[in-house]
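The values are calculated or read from the model by the stated rules, or taken from the named source; none is laboratory data. The structure presented is a predicted model; accordingly, all values stated were derived computationally and were not measured. With ideal geometry, Cβ positions are generated from the backbone for all residues, glycine too; neighbour counts draw on all protein chains shown.
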Ligand SMILES: Nc1ncnc2c1ncn2[C@@H]1O[C@H](COP(=O)(O)OP(=O)(O)OP(=O)(O)O)[C@@H](O)[C@H]1O
Ligand SMILES: Nc1ncnc2c1ncn2[C@@H]1O[C@H](COP(=O)(O)OP(=O)(O)OP(=O)(O)O)[C@@H](O)[C@H]1O
Ligand SMILES: [Mg+2]
Ligand SMILES: [Mg+2]
């Protein structure tokens, strides 16, 4: 492979896996943006989405090319419902009490969720045999892994839709108002709790979708969430908490960073590298790349 | 004598917005200077620049004959250049008196000294009764007074008051204005930003008018107030009373 | 149209407003006066259902709002300019105004209202696309009032609208309030700066330490001995 | 707790049963139950009047602190004749002092060489082959392939997950590959939690290596294999055990797994197993009970528990110190212990298993078959 | 003062209890709980006083531990001296990170510290010639050597741990009432107001961060000798960082004894769940996690507030505050 190809391939790989990070990050950032809540259990919701998708895929068609993707929409809807319940049962109460209780709650859920998954589905690794896994498109000497490529495309699409919703729909505007100040929003006639519930449902639904898109090429097991979600966290901070477009950008950026370090520096440092990049961005632009500072005085 | 505070061609813009275009003026030692101007004229921005919250895009700021460009907000406060906020900034995790003490501690007082002095200050404004309350329990008006007392604990030379008295009731206005005049006697200089013309008329010995980020005019209050530009830009038909009519009889 | 009877409320167990009765009739302008910390804002927040009622009831146009959530009054046509303005800081000025028209009942007259508000506060015009958080104190106050008007409210509730406004603007605001009143707009007004408030209003309440100590037609209130030296300093 | 019927002998299995390595622990526990049942059904510990074994199962968790606390609990609240487990070398290293303090011997399936050194206090016995031995076997196997199939492979790439298991195994490969005159085109660690292996594959391609020695756990091994396939890479993969021989990889790849070769510390159809119908039966019963073929961790656990039982038998006592001495002296040639290749188990002064050597397996028709070395192989290598 | 006395009395009680207690297991669990509590307290200098939630504190456990051991094993520097150097190293790192994260608050700060911690871990793992990488460093010793911090009896470490705990708690109480305490409180509410009152915000923030790191490091040094094995993935791992923050918050930030209550709660649930459900696989973890959730649901502010509420519910209770309120 010549130098150009190496670079091109590295960038492609980075973008594709970045797409997955992005898809996980979008929901995370939506919840933070609107509810000021960092959901440390997001990874476990991804895990849950994956288990749901695996279960569905077990029902039909996993062996046909692309057949396995029929589970995406049902998985997303199921997880959306889970999200709504999650809000009504837990968040609704904890959200009132500021940062630390939320961290407590979501971390508790994260730990408990992993245990629960093992109790319910066992500790072993599940991956339904399917033609997507390992399939690739070859353009010249560059190749695209089909699975990641699909998640990438969906990630971009989802972002555009979400951005549009937030910018232009009545719900989107009310969500942004609530994000700014619950008291003012309610004063203007917006039902903040309803906005919160819908937001959570969307966010968890999206991570469910992410899960469904990942299962064709990644094992499902109780701790799988962690592998993705940490990067997703970094992604949303780089982007600027709350910015949906940014989340995707951050995801892609980190993906590419990871694969470039692997290609040119040292595979083993690829994790360290994204953290370093993360810190660098944070120090230069504390508010993230995509959000601006506010007048405080 | 050199002016206590001297600004030369200070400019500050936020992106497209030119908050301060070119501000040049000086404040002599002793006395109370009023600063008025339409909403958005740049008064608060000016205070933020003076106290080092914003770095000016250009221009110089001299305090007590010394260029303070390099100093942090805290250090400016420690050499006697302090301010209050248009929106109050209470210290929620401390009681009212403790919040005021902070200023004294920064001056190097022991906790005991700081506490007793803070108590005197609170009595001065008739807030002694809330000394041990949490600031959460105070109305906005009083929170600003706490900010005021906190910085007074530093024994400042120049105090920049950003609409300290907006939202105070008549009687409180009386008290606060009394205190300010009293302190002015002891040699503290004040820059008073207010929209309450009553207050401005009563307190200021010298009046500066800003508009659109520039000094429009300055001078002896009564003459300035009747300056047609000021009337047009700021007071409207309202010369006599001003919005501070609650306090305008003096 | 607004009937408040015997409401009690406060913060963290401390009762701040002790059974207050208050009424605003169709087309009437009522002002509430009182010292700093008297409980005026607290009372308004209770009426706007932002604070829980510890007792008493709130009825608006026959609807009982006593147990209503904070987002309900807006839909019944109560427009509120809170103390401290409640800017939606990261939204643009325009979006803030749009949110003012959130209740469906206000959507129809959106364009007209927007025109009216910008005519009223031309200072906002050049800043329409800027973040509301960057506005100066006074600009923010204008936006808050404008936003309330965007909801074409049946009752306009203002908490110290002149606070931090340049005299000229204050004058304008009161001119506008005058116009609105003339158009038959009902107004509930809390003010520190008594003169203008009394001049505008039909009736006045005086609040002292959370209790109504005086209410009546403005003329009478103005001349009440106790009041003149105690609060108004006229 | 510690009140016990005289006819009952406690032995403990302490392995991770929660967290990322839970499945490793579960395989071991499954087999251990089987082994205990088999001992008890065949008359228990005869030298002690047919006393029955009682298996105490405990979760070693995933961190040293957890392993220590669990071990302390199990050992101080029960009289334990001997123990098996801890599976991962960090947990084993951390918990070992507790075993020494309580004079209880522990048989482990953790492979790192550093465990079996003079300063392990004499209470640790390693039933699995040493990590360094794996490399030897892989390289020998490669030579064998070169010889039989004229593959002319001269350039190798080594990728290992950056954890103790990875390092222990990789060190061996590195050394012996060099000794065997192989050129090392790529030699790199990678983080255990990677979510995409294509960067690794690019590296391999660039290095121009013809053979890859990957030391991986389950997710990463799967990612590597599929990424190789996506890249149409023709590099020969000789897996470093773990992920490459666990049931899930077979399940997930379907028939695409066939032909894949790997080293293993144990395999279900080595000569010693096939030779003894009882042992074959064990693997059959495991499969029918737990739905997968009997994997490496399970084989080791079954053998380990059986060896422990044999030691108790020999010691004629459940006094842990005596059992430990019996273990040190033991030489198992038959029964459950001979499940471990080459069919005989004895420990040297440092507690390392004298006879054991890793085997090379190849996935054929969805199951790992032992194909190398001839001494234990039962199937022919299909050209990979 | 009075409070310091109470702390010392409680310390004495626990010390004697530990010495008399025959059961090694309980002692070693208690010891790990005590160390955890020490870290929780240290964390509280940041999380409690200044409201900045750090998710990278395990790096301040790992770094001094590694420095001490490496200096000891490679250059045989006495662990006592090594400990000082190790703590110094931790403080130095804290100063850098503190200065770098100055402008960050809320989740930005939390995730920045999380990232910093992750970098430290991957560096320890990567430079294995120096740190012996993921294999970690065993500290094996057969007999006591106090000057090397080596004790064969757990109780030694138990005593060290609770002594540290008492010391740190008293220290924290002093900070709270000190000048620094006021400054930190001011900054927490409003940096602008603090600066306007003359508080050198940047300096105070970094100082608080370094203090927190130093105290954590102190615990870290002894701890690693207690478990006798420096395992990077554990000592420098995210799990430990989270655990430290978790117990402090579960206990109830705003209470002097919050982290202690939190640590005891967490470790006992962990121990019990592991003992009775460990064999079942997954149950122990699930119980641990969900019990945390349960607490948030009953009182989001944590155990101490819960206790306080129960206390207030008692009809004829003596007029004493059971818990030092307000850190
Ligand atoms: N941080 C900022 N970002 C963007 N624009 C700003 C910022 N601060 C001030 N401005 C703009 O600068 C101008 C001056 O603002 P400033 O607050 O100084 O006015 P002011 O004289 O204090 O008005 P008021 O009397 O209403 O408080 C305003 O147009 C304001 O919108
Ligand atoms: N958020 C709060 N928490 C606790 N107590 C409060 C709070 N806000 C106000 N109070 C209490 O309620 C009393 C009334 O406050 P309120 O703001 O209603 O008075 P006000 O008449 O509006 O004064 P102002 O003229 O300053 O607006 C205050 O004196 C204060 O003690
Ligand atoms: Mg201003
Ligand atoms: Mg008010």
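Structure values in brief
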| item | result |
| --- | --- |
| Filtered residues of region B:73-112 (kept if at the interface with chain E (Cβ under 7 Å from one of its Cβ atoms), under 21 Å from the mean Cα position of the chain (by Cα), assigned to a loop (DSSP other than H, G, I, E, B) and more than 16 Å from ligand 1 (Cβ to nearest atom)) | B:90, B:91 |
| Meets criteria (out of contact with any strand residue (DSSP E or B) (no Cβ under 7 Å at 6 or more places or on another chain) and within 16 Å of ligand 3 (Cβ to nearest atom)) for residue B:102 | no |
| The lone exception for residue D:11 - which of (1) more than 19 Å from the chain's Cα centre (by Cα); (2) assigned to a loop (DSSP other than H, G, I, E, B); (3) at negative phi it fails | (2) |
| Any chance residue B:182 is farther than 19 Å from residue E:194 by Cα, more than 16 Å from ligand 4 (Cβ to nearest atom) and free of Cβ contacts under 8 Å to residues at least 24 places away in the same chain | yes |
| Residue list for region C:80-96, restricted to those being touching a helix residue (DSSP H, G or I) at 6+ places or on another chain (Cβ under 6 Å), within 11 Å of chain A (Cβ to nearest Cβ) and either within 16 Å of ligand 3 (Cβ to nearest atom) or in a helix (DSSP H, G or I) (or both) | C:85, C:87, C:89, C:96 |
| Any chance residue C:100 is buried (at least 23 other Cβ atoms within 10 Å of the Cβ) and either within 16 Å of ligand 3 (Cβ to nearest atom) or more than 27 Å from residue C:43 (Cα to Cα) (or both) | no |
| Extreme residue, nearest to the chain's Cα centre (by Cα), among residues of region B:185-222 that are away from ligand 1 (no atom under 12 Å from the Cβ) and within 11 Å of chain C (Cβ to nearest Cβ) | B:200 |
| Residue list for region D:94-103, restricted to those being within 13 Å of chain E (Cβ to nearest Cβ) and either farther than 23 Å from residue D:298 by Cβ or at pLDDT below 90 (or both) | D:94, D:96, D:97, D:98, D:100, D:101, D:102 |
| Residue count for region D:50-85, restricted to those that are more than 7 Å from chain E (Cβ to nearest Cβ) and assigned to a strand (DSSP E or B) | 12 |
| Sole residue being closer than 30 Å to residue A:244 by Cβ, more than 21 Å from the chain's Cα centre (by Cα) and either without any contact (Cβ under 8 Å) to a residue 12 or more places away in the chain or surrounded by 23 or more Cβ atoms within 10 Å (Cβ to Cβ) (or both), chosen from A:157, A:117, A:136 | A:136 |
| Residues that are more than 16 Å from ligand 3 (Cβ to nearest atom) and out of contact with any strand residue (DSSP E or B) (no Cβ under 9 Å at 6 or more places or on another chain), drawn from region B:132-149 | B:132, B:133, B:134, B:135, B:138, B:139, B:141, B:142, B:143, B:145, B:146, B:149 |
| Near pairs, Cβ below 9 angstrom, 6+ apart or cross-chain, from region B:5-28 (within 14 Å of chain C (Cβ to nearest Cβ)) to any residue that is more than 14 Å from ligand 1 (Cβ to nearest atom) and part of a strand (DSSP E or B) | B:12/B:58; B:12/B:59; B:20/B:59 |
| Residue check for residue D:273: at pLDDT below 95, surrounded by 24 or more Cβ atoms within 10 Å (Cβ to Cβ) and in a helix (DSSP H, G or I) | yes |
| Any hit, region E:264-286, residues being in contact (Cβ under 8 Å) with a residue 12 or more places away in the chain, crowded, with 21+ Cβ neighbours inside 10 Å and touching a strand residue (DSSP E or B) at 6+ places or on another chain (Cβ under 8 Å) | yes |
| Filtered residue count, region A:65-76, keeping only those that are within 17 Å of the chain's Cα centre (by Cα) and surrounded by 15 or more Cβ atoms within 10 Å (Cβ to Cβ) | 3 |
| Matching option when the condition is farther than 22 Å from residue B:47 by Cα, more than 13 Å from the chain's Cα centre (by Cα) and away from ligand 2 (no atom under 16 Å from the Cβ), among C:118, C:155 | C:118 |
| Search result, residues across region D:289-309 that are buried (at least 24 other Cβ atoms within 10 Å of the Cβ) and either in contact with a strand residue (DSSP E or B) (Cβ under 6 Å, 6 or more places away or on another chain) or free of Cβ contacts under 8 Å to residues at least 60 places away in the same chain (or both) | D:296, D:304, D:305, D:307, D:308 |
| Residue count for region E:164-183, restricted to those that are crowded, with 24+ Cβ neighbours inside 10 Å and facing another protein chain (nearest Cβ under 9 Å) | 2 |
| Elements of type helices (runs of 4 or more DSSP H) in region A:1-107, at least 2 residues being within 12 Å of another protein chain (Cβ to nearest Cβ) and touching a helix residue (DSSP H, G or I) at 6+ places or on another chain (Cβ under 6 Å) | A:3-35, A:42-59 |
| Members of region B:136-170 that are in a helix (DSSP H, G or I) and within 16 Å of ligand 4 (Cβ to nearest atom) | B:136, B:137, B:140, B:141, B:142, B:143, B:144, B:145, B:170 |
| Residues of region B:150-184 satisfying the condition of being at the interface with chain C (Cβ under 10 Å from one of its Cβ atoms), in contact with a strand residue (DSSP E or B) (Cβ under 8 Å, 6 or more places away or on another chain) and more than 16 Å from ligand 1 (Cβ to nearest atom) | B:169 |
| Residue C:74 vs. criteria at negative phi, more than 16 Å from ligand 4 (Cβ to nearest atom) and without any contact (Cβ under 8 Å) to a residue 40 or more places away in the chain | no |
| Considering residues of region C:131-173 that are in a loop (DSSP other than H, G, I, E, B) and more than 7 Å from chain B (Cβ to nearest Cβ) only, the residue nearest to ligand 4 (Cβ to nearest atom) | C:161 |
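One line per residue, one yes/no per condition, for (1) more than 16 Å from ligand 2 (Cβ to nearest atom); (2) closer than 21 Å to residue B:194 by Cα; (3) modelled with pLDDT of 90 or more:
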{"site": "B:13", "(1), (2), (3)": "yes, no, yes"}
{"site": "B:20", "(1), (2), (3)": "yes, yes, yes"}
{"site": "B:44", "(1), (2), (3)": "yes, yes, yes"}
{"site": "B:62", "(1), (2), (3)": "yes, no, yes"}
{"site": "B:65", "(1), (2), (3)": "yes, no, no"}
{"site": "B:80", "(1), (2), (3)": "yes, no, yes"}
{"site": "B:87", "(1), (2), (3)": "no, yes, no"}
{"site": "B:90", "(1), (2), (3)": "no, yes, yes"}
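Per-residue answers, yes or no, for (1) under 27 Å from residue A:123 (Cα atoms); (2) away from chain A (no Cβ under 13 Å); (3) in contact with a strand residue (DSSP E or B) (Cβ under 6 Å, 6 or more places away or on another chain); (4) surrounded by fewer than 24 Cβ atoms within 10 Å (Cβ to Cβ):
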position: D:147; (1), (2), (3), (4): no, yes, no, yes
position: D:160; (1), (2), (3), (4): yes, no, yes, no
position: D:165; (1), (2), (3), (4): yes, yes, no, no
position: D:171; (1), (2), (3), (4): no, yes, no, yes
position: D:176; (1), (2), (3), (4): no, yes, no, yes
position: D:179; (1), (2), (3), (4): no, yes, no, yes
position: D:187; (1), (2), (3), (4): no, no, yes, yes
position: D:221; (1), (2), (3), (4): yes, no, no, no
